[in-house]
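My structure is below; once you've seen it, I'll send some questions.
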Amino acid sequence: VQLVESGGRWVQAGDSLRLSCAASGGTIARYGMGWFRQVPGREREFVSAIKANGGTTYYADAVKGRFTISRDNAKNAVFLQMNSLKPEDTAVYFCAAGPFITSTARNKDAHYYWGQGTQVTVSS
């Protein structure tokens, strides 16, 4: 499965942004999907995840209430709606797929397939 993120750009604090992740070479319907982010010099960190059937979602405390993950298995895509963006949300955002379970949804190692990332920059 190949994943390609899009939608990242420069925005101002308080703005909204919607990231998309398009999959090819296989169906994502069998996988949980996640979003992670990374800034230079720091570990890649969990942002959000959604189970294969879309029934359960997970969020990092830092984004809870501001970000919403969703998926469209028919379109082989996953999305991250980001509202009330803050400068500390600035990072490269990665889409990932894997057969995670509830206890591993936040773990990078439970996500087998990764995109190349899309840059989000939030200016104060």
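If contacts are Cα pairs under 8 angstrom and at least 6 residues apart, what is the relative contact order of the chain in percent? Walk me through the intermediate numbers first.
Values: 310 pairs, mean separation 44.6, N = 124.
Computed over the chain, the figure is 36 percent.
While we're on this one: Rolling a 1.4 angstrom probe over the protein chains, ignoring ligands and nucleic acids, what is the accessible area of Ile101 in square angstrom, nearest 10?
100
Let me know the whole percent of all Cα-Cα pairs from the chain that are separated by more than 22 Å. All intermediate terms of the calculation are to be shown ahead of the outcome.
On the way: 1963 of 7626 pairs.
Here the long-distance tail beyond 22 Å is 26 percent of all Cα pairs in the chain.
Could I have the simple spin-label model distance between Arg18 and Glu43, label points 7 Å from Cα toward Cβ, reported in nm to one decimal?
Going by the 7 Å Cα→Cβ label model, 3.3 nm.
Mind giving me the nanometre distance, one decimal, between the label points for Thr57 and Lys108, set 7 Å out from Cα along Cα→Cβ?
2.5
Straight distance only, please: which lysines reach the Cα of Lys64 with their own Cα at less than 21 Å, same-chain residues fewer than 8 apart left out?
By straight Cα distance, Lys64 reaches Lys51, Lys86, Lys108.
How much accessible surface does Ser124 have with a 1.4 Å probe, in Å² rounded to 10?
130
Could you tell me whether the range 25-72 comes out rounded, prolate or oblate from its Cα gyration tensor? Rule is a ≥ b ≥ c as square roots of the eigenvalues, rounded for a/c under 1.5, then prolate if a/b exceeds b/c, otherwise oblate.
Taking the square roots of the gyration eigenvalues as a ≥ b ≥ c, the range 25-72 is oblate.
Further question on the same structure: Please report the accessible area of Lys64 (heavy atoms, 1.4 Å probe, ligands and nucleic acids excluded) in Å², nearest 10.
120
OK, next. Using every pair of alpha-carbon atoms in the range 46-118, split the distances into 10 Å bins beginning at 0 and state the percent of pairs per bin, rounded to integers.
18, 56, 26, 1
Averaged per residue, what accessible area in Å² does the chain show with a 1.4 Å probe, protein chains only? Please report the intermediate quantities before stating the final value.
Working: 6180 Å² over 124 residues.
Accessible area per residue, the chain: 50 Å².
Now for a different question. Can you sort Asp89, Asp15, Asp109 by 1.4 Å-probe accessible area, starting with the largest? Provide the component values of the computation, followed by the final result.
Working: Asp89 0, Asp15 65, Asp109 140 Å².
These residues rank, largest area first, as Asp109, Asp15, Asp89.
Quick one: Cα centre-to-centre distance for the range 65-87 and the range 1-18, in angstrom?
9
Straight-line reach from Lys75: which aspartates and glutamates have a Cα under 17 Å away, not including same-chain ones fewer than 8 places off?
The reachable aspartates and glutamates, counting only those whose Cα sits under 17 Å from Lys75, are Glu5.
Shifting gears a bit: For Lys75 and Gln119, calculate 0.36 nm times their separation in residues minus their Cα-Cα distance, and state this gained length in nm to one decimal. Please list the in-between numbers first.
Values: separation 44, 0.36 × 44 = 15.84 nm, distance 2.31 nm.
Here the answer is 13.5 nm.
The values are calculated or read from the model by the stated rules, or taken from the named source; none is laboratory data. This structure is a prediction, so every number in the text was calculated from the model and none was measured. Heads up, the Cβs are rebuilt from the backbone with ideal geometry, glycines too, and the neighbour counts pull from every protein chain shown. Remember, those area values only see protein heavy atoms, side chains included, never the ligands or the DNA or RNA. Shrake-Rupley method; radii C 1.70, N 1.55, O 1.52, S 1.80 Å.
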